[in-house]
Amino acid sequence: MIERLGDDVARELRRFGPQGAMADVVGAWPVAVGEAIARNAWPARIARDGTLHVSTSSSAWSFELAQLAPELLARLGATLHESAPKALKFSPGPLPEAPAQGGGTAPDPLPDPTPEERALASAISSEIEDEELRKLVARAAAASLAQQRSDRSVW
């Protein structure tokens, strides 16, 4: 059975300092800021100084959210603690597409990697010195190789 990699990837990304907290910020964003803001503003990147740059749907949203920045920072801080951004900067930019609405069925599970796919994944990651990262890359590569036999992407 294929294991989800999200927690492992997030842990590895945190090693990169403030920029590595992006996964945490994106995960907490909709709950911390609310549905209306999340539809019109989305985290884009974290600068080295810890400033979260947020893309908005318009300059009007950028202006309004800049006025709410202290409150939004407090909400993010309550959720993210040490991973919280130090400041917020808003500017118009691309937003992710809204998820499709509908009550579809759950997707079929991903196929398990074959022994050959696991061996190839191990070979792909063999030169990575950090053991934990090497195992993570091997798992991701095996899942990607197995996914090629499926008609859906790995998410």
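Some notes on this structure:
- Some residue of the range 46-55 being of a type in the set (Lys, Arg), within 21 Å of the chain's Cα centre (by Cα), modelled with pLDDT under 95 and over 20 Å from VAL33 (Cα atoms): yes
- Flag if LEU65 is over 16 Å from TRP29 (Cα atoms), assigned to a helix (DSSP H, G or I) and either at pLDDT 90 or above or out of contact with any Phe, Trp or Tyr (no Cβ under 8 Å at 6 or more places or on another chain) (or both): no
- Just so you know, in the range 56-86 the residues that are surrounded by fewer than 13 Cβ atoms within 10 Å (Cβ to Cβ) and of a type in the set (A, V, I, L, M) include one that is nearest to ALA41 (Cα to Cα), and it is ALA60.
Here's the yes/no breakdown for (1) out of contact with any Leu (no Cβ under 8 Å at 6 or more places or on another chain); (2) within 28 Å of ALA140 (Cβ to Cβ); (3) of a type outside the set (Lys, Arg); (4) at pLDDT 90 or above:
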residue: ASP8; (1), (2), (3), (4): no, yes, yes, no
residue: ARG11; (1), (2), (3), (4): yes, yes, no, no
residue: ARG15; (1), (2), (3), (4): yes, yes, no, no
residue: ASP24; (1), (2), (3), (4): no, yes, yes, no
residue: PRO30; (1), (2), (3), (4): yes, yes, yes, yes
residue: ALA78; (1), (2), (3), (4): yes, no, yes, yes
residue: PRO92; (1), (2), (3), (4): yes, no, yes, yes
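The values are calculated or read from the model by the stated rules, or taken from the named source; none is laboratory data. Every value quoted in this text rests on a predicted model; they were computed, and no experiment measured them. Every residue, glycine among them, receives a Cβ derived from its backbone with ideal geometry; neighbour counts consider all protein chains shown.
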